[in-house]
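Before any comments, here is the structure.
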Amino acid sequence: MFSLWYITCLIRGSSVGCNYLHWGKMVDQATLDKLEAGFKKLQEASDCKSLLKKHLTKDVFDSIKTKKTAMGATLLDVIQSGVENLDSGVGIYAPDAESYRTFGPLFDPIIDDYHGGFKVTDKHPPKQWGDINTLVDLDPTGKFIISTRVRCGRSLQGYPFNPCLTEEQYKEMEQKVSSTLSSMEKELKGTYYPLTGMSKATQQQLIDDHFLFKEGDRFLQSANACRYWPTGRGIFHNDDKTFLVWVNEEDHLRIISMQKGGDLKTVYNRLVTAVDIIESKLPFSHDDRFGFLTFCPTNLGTTMRASVHIQLPKLANDRKVLEDIASKFNLQVRGTRGEHTESEGGVYDISNKRRLGLTEYQAVREMQDGILEMIKMEEAAA
């Protein structure tokens, strides 16, 4: 896979983004100076709690600071977001697939830490959707759950990640993906809306539907992930607005199935059907050790995030308590508008945290079982 990407770089040589055709060369002095300054900033930031600060020791830093991937990605590309945003939880991104190996002394312990145990000798299991019939409606009475969503990220084989993509590659990927999505049938049949040239009416409708993603937040901006915006970006949704694909937002693809209520079985089944169709036409970037590869190390392996928007007023009386309870079930609490946001109207987004080292089915079951237990605790609370 990496050799294919290297050949792609040789063919496409470009001076923008990650500097192509620098394989085997040392990083330049200007980059080293920025790295040294960034490392010093991290060490002096006493209030920084990121996994980057925790695991970028002096020994690790010195062992990888001069390395560069075949596509020209350096350690600076990896850590620049976490250095600029000291309130990051993780603080690193992968500019290309090879970065996971080249900068392994940093990625490996962070991946192990975040995913609750994934050693350098571990391998992610093969894709396994599991027995869908064992999934349930999490809230048949509609008392707690507002909506249910299952999503996964995917990268197209043969292309780097955001910081290394050229403008032409963004356009190529959008054409391939939009053509594939436009051929969807039955329940998945829908329309692709490119961000470039989008009319005000369409834009407002997508905003009203909570579908329209914005240009990346400060964490992605700092990671150099928003170049050529809005070129090559777009949104697809089916006619029922229960199936959605984001194209070239944070990852090449974010494939999403969702609907009101707590019927996890139906939501998951729709996602499985869609992913299998897309993969049959567009091969995904995959690694024998890490599973499906994406831009962020928190989103490897299954890349599966199953979540509910849920009201738990008693448990959520103190968010810290809610988060502590969720963590016992390997669940993560977010605001209703995603990571780094707050709750609105007492509604929280709660999802599985682990994506790596377990199957797709196990990741979804972890969310299902945890949410069912949390609902029981809410009902039992005084």
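We did not get these values from a lab; they are worked out from the coordinates using the rules stated. The structure presented is a predicted model; accordingly, all values stated were derived computationally and were not measured. Counting neighbours? That spans all protein chains shown, and the Cβs are built from the backbone with ideal geometry, glycine included.
Can you tell me the order of 72-82, 283-293, 205-215, 357-367 when each peptide is scored by its average per-residue count of other Cβ atoms within 10 angstrom, highest first?
Ranking, from highest mean packing down: 72-82, 357-367, 283-293, 205-215.
Hey, any idea what the orientation-averaged projected area of the convex hull of the range 113-168's Cα atoms comes to, in nm²?
Computing the convex hull of the Cα atoms and averaging its projections yields 8.2 nm².
Pairs LYS189/LYS241; LYS189/LYS353; LYS176/LYS281; LYS241/LYS281; LYS67/LYS353: which are spaced more than 20 Å apart, C-alpha to C-alpha?
The answer is LYS189/LYS353; LYS241/LYS281; LYS67/LYS353.
Any idea what the dipole of the chain comes to, in debye rounded to 20, about its Cα centre with Lys/Arg Cβ at +1 and Asp/Glu Cβ at -1? Intermediate values should be presented prior to the final figure.
Details: 48 positive and 52 negative charges, 67 e Å.
About 320 debye.
Using packing as a proxy for protection, rank 61-69, 241-249, 34-42 so that the peptide with the highest average count of other Cβ atoms within 10 Å comes first.
Descending packing order for the listed peptides: 241-249, 61-69, 34-42.
Which length gain, in nm to one decimal place, applies between GLU215 and THR141 when the Cα-Cα distance is subtracted from 0.36 nm times their residue separation?
My answer for the length gained is 22.9 nm.
Please compute the length gained on full extension between GLN362 and ASP47, using 0.36 nm multiplied by the number of residues separating them and subtracting their Cα-Cα distance.
Net length gain for the segment: 109.9 nm.
Output the relative contact order of the chain, whole-number percent, from Cα pairs under 8 angstrom with separation of 6+ residues. Mind dumping the intermediate values first?
Values: 726 pairs, mean separation 74.4, N = 382.
Relative contact order for the chain comes out at 19 percent.
Suppose each label sits 7 Å from its Cα in the direction of the beta carbon; what would the ALA37-GLU379 distance come out to in nanometres?
Those two pseudo-labels are separated by 5.8 nm.
Output the Kirkwood hydrodynamic radius of the range 231-303, Cα pairs only, in Å rounded to one decimal. Please report the intermediate quantities before stating the final value.
Details: mean 1/r = 0.0743 Å⁻¹.
Evaluated over the range 231-303, this radius sits at 13.5 Å.
Once the Cβ-Cβ distance between LYS176 and SER327 is put in as r, and R0 is 45 Å, what FRET efficiency do you end up with, to the nearest 0.05?
Rounded to the nearest 0.05, the efficiency is 0.70.
Could you give me D for the chain, from Stokes-Einstein at 37 °C and 0.692 mPa s, where the hydrodynamic radius is the Kirkwood radius over C-alpha pairs? Units µm² s⁻¹, please.
Estimated via Stokes-Einstein, D reaches 152 µm²/s.
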